[in-house]
Amino acid sequence: MQMMRPAMLNITLPGGAVREFPAPVTIAQVAEGIGPGLARAAIAGSIDGRVVDLDTEIDRDCELSVITARDEAGLEIIRHSTAHLLAQAVKQLFPEAQVTIGPVVENGFYYDFSYSPGFSETDLEAIESRMHELAKENLQVTRSVMNREEAVRFFCDQGEQYKAEIIESIAGDETVSLYTQGDFTDLCRGPHVPSTGHLRAFRLMKIAGAYWRGDSGNEMLQRIYGTAWGDARQLRQHLHQLEEAEKRDHRKLGKQLNLFHMQEEAPGMVFWHPRGWVLYQALQQYMRAEQKARNYLEVNTPEVVDYSLWERSGHADKFGDDMFGVESEGRRFALKPMNCPGHVQIYNQGLKSYRDLPLRFSEFGSCHRNELSGALHGLMRVRAFVQDDGHIFCTEGQIQDEVADFIDFLHHVYDRFGFQDVIYRLSTRPESRVGSDEVWDKAEAALAEALDSKGLVWKELPGEGAFYGPKIEFSLRDSIGRVWQCGTMQVDFSMPERLDARYVDESGVRRTPVMLHRTLLGTFERFIGILIEHWEGKLPVWIAPVQAMIMNITDKQSEYVQKVAGILRGQGFRVETDLRNEKIGFKIREHTLQRIPYLLVAGEREVDQESVSVRSQDGKDMGNLSIDEFVSRHLSG
């Protein structure tokens, strides 16, 4: 009797290669068929774009990617699985604790527990140690399915009331999925690693409080945060980055360098000290000069505007909860959360011709947003801020050139501040949007072509554009590897139409201009915070609030120090003097900690030679220089 040949599947791998496998076949078996190295590294798979467990069977032709810890999706699975490992360890060490939710967050995960005694730092060490033991046991992780009622009973029998409540709140699903590893079963959609042996690089970070379901009327839970990575090297890098970030924290350095402070009487708003305000103004003056050189016309718009304008612009619907309201004489006003509608009002004063376009407005606009108090974070998240804002009114045909010119501008500015590593993302049309597909096609193509024309590598973010148009996001990578989203270029077809902006084209027809929203720094407050942390407070000489500190050794040099300071100030340099009756070594140490770029010392020899002894902030003796030599070598750049 002739044996029937098993049905074969055509599985398309990344890169387009097609492999045949007998049906059905699991992802794990496909990985084994490709090679032993991939089989050992595999933790999950993606079938036609859907991420699933490694033991998932394939019974039809498909596109398959085998996921490892090196993949972004793999790292998320590792972090989610490590959260389950944490919960298992807690349940073994503290059986009376109840588990609630344990999601993935940036760089790691957390899990909330109901445990009234609370966890201590010593407990954290014990839990992490038990997690490593469980990982070494290489426990198999298996998925099962229960109907909703059965699952509720299952968790109630285990005393897990929170899990039962979660299941009861899930709408629509008749069944739920559970994952089991050893003696621990948890509610989860998955996917997960095939065994705990894949969880090798993790660290528990801290304990915090969190209300159940985020409601302050509910019980306060114990939240344990952790970080997890694909291998030990990545974990070491991350922990080193955290150490560096702690040293560079702009809030600590801001106090140490006497730049700014914040206080409860004005939450989310900055009190700039003299040196901090000098830094702020130097940054603003630099941006003003750069924008003027590129034909931007600087404007200024009111901070308090009738609420009806925000309704017409669409901001009331989108940002109403984040706007500060003001009432006067029966009228409702709002502090502006952004500058765009005001710029349209200026554009609308007088009919414009196509010959007037592109028209570029810039504003250092003071804005306010009612951010939640819990989200405020030094200069990085504030309620009162100033944007280096700009809006370009142009025709559809001018979009690409304007965007390309802006990219050159942005690179010039970022390089000046010491940022060479820029990340580019193009966010395209969302499902809910205004404007025709034809117009969106043109705008998205113009942005893509502008990026391509510069030879840039960029990533598309489908559906992440604003409702009024697509946008490019520009992110910086700082000196310790963190990524900060700063610049944007957004194409807007909606607001000019809503606010009746028009121009007369070549044929005499009135048309609506395209409005390009652009910013390079984002906000001055946040960008200064980024600068402080990127440079660890050791700002480049040209932007430093104090470029040089001039010190005397004895009182005999006081007059000479004042003379040198006057010469340097007359040439536009930011210098201060220290004439205190203190030892010069003490002065040097103090001003080195203040991150002042150059320390100039004057003793008898320097007075006789009309020179200064120059030291850098890192302690390097740069020799004895005349004032002119010092300026030309070190301050002129």
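Laboratory data are not the source of any read-out in this text; all were calculated from the coordinates shown. The structure presented is a predicted model; accordingly, all values stated were derived computationally and were not measured. Because the Cβ atoms are built from the backbone with ideal geometry, glycine has one as well, and the counts that use them run over all protein chains shown.
Distance from the alpha carbon centroid of the range 265-307 to that of the range 401-456 works out to 25 angstrom.
Placing unit charges on C-beta atoms (Lys and Arg positive, Asp and Glu negative, everything else neutral), compute the dipole magnitude of the range 8-67 about its Cα centre in debye, rounded to 20.
On the way: 4 positive and 9 negative charges, 38 e Å.
Roughly 180 debye, rounded to the nearest 20.
For Rg and Dmax of the Cα atoms in Å, the listed values are [x] 27.5, 100; [y] 28.6, 100; [z] 30.5, 114; which was obtained by calculation from the structure presented? Given [x] 27.5, 100; [y] 28.6, 100; [z] 30.5, 114, the structure-derived one carries the label [z].
Simple rule: put +1 on each Lys or Arg Cβ and -1 on each Asp or Glu Cβ in the chain, find the dipole, and look at Ile627, Thr519, Gln241; the Cα lying farthest toward the positive end is Ile627. Over the residues of the chain, the helix contribution to mean residue ellipticity at 222 nm works out to -10500 deg cm²/dmol, using -39500 (n - 2.57) for each DSSP H run of at least 4.
For the pair Lys538 and Gln140, label points projected 7 Å from Cα toward Cβ lie 5.6 nm apart. Only Cα pairs under 8 Å and 6+ residues apart enter the sum, and on that basis the relative contact order of the range 72-244 stands at 28 percent. Sorting Asp628, Asp388, Asp157 by the number of Cβ atoms found within 10 Å of their own Cβ, with the fewest placed first, yields Asp157, Asp628, Asp388. The charge dipole of the chain, taken about its Cα centre with unit charges on the Cβ of Lys, Arg, Asp and Glu (plus for the first two, minus for the last two), comes to roughly 1580 debye. Separation of the alpha carbons by more than 30 angstrom is noted, of Lys206/Lys336; Lys252/Lys292; Lys163/Lys206; Lys252/Lys587, for Lys206/Lys336; Lys252/Lys292. Where the centre of each part is set by its Cα atoms, how far does the range 6-26 sit from the range 122-183, in angstrom? Comparing the Cα centres of the range 6-26 and the range 122-183, I get a distance of 34 Å. Please report how many Lys pairs in the range 419-571 have alpha carbons closer than 28 angstrom, counting only residues at least 8 apart along the chain or sitting on separate chains. Number of lysine pairs found: 6. Counting charges near Gly268 (Lys, Arg +1; Asp, Glu -1) among other residues having Cβ under 9 Å from its Cβ returns a value of +2.
For the range 34-98 versus the range 338-371, the inter-centroid distance based on Cα atoms is 50 Å. Its relative contact order, with pairs defined as Cα atoms under 8 Å and 6+ residues apart, puts the chain at 9 percent.
In this structure, Glu168 and Asp452 have a Cβ-Cβ separation that, at R0 = 60 Å, corresponds to a calculated FRET efficiency of about 0.70.
Which value, in debye to the nearest 20, describes the size of the charge dipole of the range 526-570 about its Cα centre when Lys and Arg Cβ atoms bear +1, Asp and Glu Cβ atoms bear -1, and nothing else is charged?
Numbers: 5 positive and 4 negative charges, 26 e Å.
So the dipole magnitude of the range 526-570 works out to roughly 120 debye.
Could you compute the net charge surrounding Gln562? Neighbours are other residues with a C-beta less than 13 Å from the C-beta of Gln562; K and R count +1, D and E count -1.
Details: positive: Lys556, Lys563, Arg569; negative: Asp555, Glu559, Glu576, Asp578.
Overall, the nearby charge balance is -1.
For Ala201, the residues 5 or more places off, or on other chains, whose built amide H falls under 5 Å of its own are Trp229.
For Ser353 and Ser366 in the same chain, what is the full-extension length gain: residue separation times 0.36 nm, less their Cα-Cα distance, in nm? Working shown, then result.
Details: separation 13, 0.36 × 13 = 4.68 nm, distance 3.02 nm.
Here the answer is 1.7 nm.
Give the order of Leu521, Leu625 when sorted by the count of other beta carbons within 10 angstrom, beginning with the fewest. Could you put the intermediate results ahead of the total?
On the way: Leu521 24, Leu625 19.
Least crowded to most crowded, the residues run Leu625, Leu521.
Label zone of Arg233 (point 7 Å out along Cα→Cβ, amide N under 20 Å): in the range 73-106 this covers 73-76, 78-79. Across the range 140-157, rounded Karplus estimates of 3J(HN,Hα) from the backbone phi angles (6.51 cos²θ - 1.76 cosθ + 1.60, θ = phi - 60°) give 5, 9, 10, 9, 9, 10, 10, 6, 4, 5, 5, 5, 4, 4, 4, 6, 5, 4 Hz, Gly and Pro being marked x. The listed peptides 358-365, 176-183, 18-25, ordered by packing as a protection proxy, come out as 358-365, 176-183, 18-25 (highest mean of other Cβ atoms within 10 Å first). Spacing of the modelled spin labels on Glu582 and Val483, each 7 Å from Cα toward Cβ, amounts to 4.4 nm.
Backbone geometry of the range 287-292 corresponds, through the Karplus equation with coefficients 6.51, -1.76 and 1.60 at θ = phi - 60°, to 3J(HN,Hα) couplings of 5, 4, 5, 5, 6, 4 Hz, x marking Gly and Pro.
Counting neighbouring beta carbons within 10 Å and listing from fewest to most, the residues Thr519, Thr196 come out as Thr519, Thr196.
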